[in-house]
Amino acid sequence: MTAEENPSFRTPADPEQPGTEVDPAAESAADLAADLAADFAGDPAVDSADLAVSTVRLLTRVTARIEDLLAAERKTWGDVDARMTRPIDAIAHLVGAGGKRLRPTFCISGYLAAGGALDGSQAEDAVVSAGAALELLHAFALIHDDVMDNAPTRRGRSTAHMKHAGIHADHGWAGEARRYGEGAAIIAGDLAYGYAHTAVEALAGPARRVWNHLGTEMILGQQLDMSLAAELAPDPALARYVAVCKSGQYTIHRPLSLGATIAGRDDLNEVFEAYGVAAGEAFQLRDDLLDAFGDPEVTGKPAGLDISEHKMNLLLALAATKDAEVARLVADGQNWDADRLHGALLASGMREEVESRIDELVATAREALEHAPLAPGWRERLGEMAVQVAYRDH
């Protein structure tokens, strides 16, 4: 199974031209509708058109909720001073650049798979708010990650800190452009974090607990990720735990559980944990492969960035424990040679081994759903989503 055979979560076109605006939700919604219809074609248990429309309807409302929040905030603070809108614009710039919308999609899927209704109820509005909050939380994580990773591009566009450093330099402002850019990005990320919590301020009880744990887990996973990179500690068990915190839980398991809990089905948490941890590890391993060997024109970010920034991801940690040359190069942290390490990683055969591991994880994720009490068609749909996140090409 290859990414080409399983196109999904497509990133919309990104013409970054002055005065040109695109609505990524509109294009993503059309693509998702086509994917859903294809997934369920011929399945007598599911009305594929209804399922597609239900999912797209909620995803479209998620994007509208984010746009409305950012527009209102821009109006409020722009009336005070136009410079106060810069971090808001940075968030909008990132969200508007596309992205896969994985976390809102899994949250909505958890809600619908748990039998959540589309009846204009408080629960339906709550899952829309939760989807918007997840996307804003992801924006916070990406903006800060890009500063920590010294990344120049994201989704084919300049990262927030690079863009604002350029603005500083172009205007000849006082101080250091780099520090200004990083400061502006940190503020934008902080603001996105605050907006994410604003979006779910009405959540209470079990759903609120899932939300709170999700955010804490993701942030502390980032701390561990940063520590492993600094210490050059090739520990596969710890690297896998980071992958679980930052991908398995944050991207798949917790959003699914959040959606199901909003629908009143927290009994599905065990199933979604087994599914989400396996699918999330596969997602992270694919992310590691794309970082090391992907095409920047497709991924929207430079190749080999994790290696150049000493990031001890799961792929590199596994390779360092199994290949002597990779281990030697990793151990020589004072003379880190990213090009030689990249070559050694490619020669190690770890790429093929990781592909095999991804296959096993996808099978595990699908097996976790076999007897799950889900709404009609969702066992199959979630199985296909595991395939899609594991074999994507960007």
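The values are calculated or read from the model by the stated rules, or taken from the named source; none is laboratory data. Bear in mind the structure is a predicted one, so any value in this text is a computation, not a measurement. Cβ sites come from the backbone with ideal geometry, for glycine too, and all protein chains shown count toward neighbours. All accessible areas refer to the heavy atoms of the entire protein, side chains included, with ligands and DNA or RNA removed. Shrake-Rupley method; radii C 1.70, N 1.55, O 1.52, S 1.80 Å.
Might you check whether a residue that is out of contact with any Asp or Glu (no Cβ under 6 Å at 6 or more places or on another chain), open to solvent by less than 30 Å² (accessible area, probe 1.4 Å), assigned to a helix (DSSP H, G or I) and at pLDDT below 65 occurs anywhere in the stretch 7-24? Yes.
Taken together, the residues in the stretch 130-155 that are closer than 13 Å to HIS93 by Cβ, open to solvent by 20 Å² or more (accessible area, probe 1.4 Å) and either in contact with a Pro (Cβ under 9 Å, 6 or more places away or on another chain) or of a type in the set (Val, Ile, Thr) (or both) amount to 1. Restricting attention to the stretch 159-177, the residues that are under 18 Å from ASP89 (Cα atoms) and part of a helix (DSSP H, G or I) total 9. Among the residues that make up the stretch 349-369, is at least one of them under 24 Å from the mean Cα position of the chain (by Cα), of a type in the set (Gly, Ala, Ser), open to solvent by less than 40 Å² (accessible area, probe 1.4 Å) and modelled with pLDDT of 95 or more? Yes, the stretch 349-369 contains a residue that is under 24 Å from the mean Cα position of the chain (by Cα), of a type in the set (Gly, Ala, Ser), open to solvent by less than 40 Å² (accessible area, probe 1.4 Å) and modelled with pLDDT of 95 or more.
May I ask you to verify whether ALA344 is in a helix (DSSP H, G or I), closer than 21 Å to MET226 by Cβ and not β-branched (Val, Ile, Thr)?
Here the answer is no, as ALA344 does not meet what is asked.
Residue check: is ALA132 assigned to a loop (DSSP other than H, G, I, E, B) and either out of contact with any Gly (no Cβ under 6 Å at 6 or more places or on another chain) or β-branched (Val, Ile, Thr) (or both)? Step through it out loud before you land on a result.
Numbers: assigned to a loop (DSSP other than H, G, I, E, B): no; either out of contact with any Gly (no Cβ under 6 Å at 6 or more places or on another chain) or β-branched (Val, Ile, Thr) (or both): yes.
Taking the combined requirement at face value, the residue does not satisfy it.
Looking across the stretch 242-264, the residues that are within 17 Å of the chain's Cα centre (by Cα) and either among the aromatic types (Phe, Trp, Tyr) or over 22 Å from VAL387 (Cβ atoms) (or both) come down to VAL242, CYS245, TYR250, LEU258.
For the stretch 87-114, filtering for residues that are within 19 Å of GLY383 (Cα to Cα), in a helix (DSSP H, G or I) and open to solvent by 10 Å² or more (accessible area, probe 1.4 Å) leaves 2. If you scan the stretch 209-224, which residues turn out to be over 14 Å from GLY259 (Cα atoms), open to solvent by less than 40 Å² (accessible area, probe 1.4 Å) and hydrophobic (A, V, I, L, M, F, W, C)? Within the stretch 209-224, just MET218 meets the criteria. Taking the stretch 354-363 as the range and being out of contact with any Asp or Glu (no Cβ under 9 Å at 6 or more places or on another chain) and either more than 28 Å from ARG379 (Cα to Cα) or of a type outside the set (Asp, Glu) (or both) as the test, the residues that pass are SER356, VAL362, ALA363.
Looking at ALA141, ALA117, ALA202, which one is outside any loop (DSSP other than H, G, I, E, B) and small (Gly, Ala, Ser)? Even if it seems obvious, please write down each step before you answer.
On the way: ALA117 fails: outside any loop (DSSP other than H, G, I, E, B); ALA202 fails: outside any loop (DSSP other than H, G, I, E, B).
Sole residue among the options that is outside any loop (DSSP other than H, G, I, E, B) and small (Gly, Ala, Ser): ALA141.
Evaluation of ARG103 against the conditions (1) charged (D, E, K, R); (2) within 20 Å of the chain's Cα centre (by Cα); (3) farther than 20 Å from ASP266 by Cβ shows that the sole unmet condition is (3).
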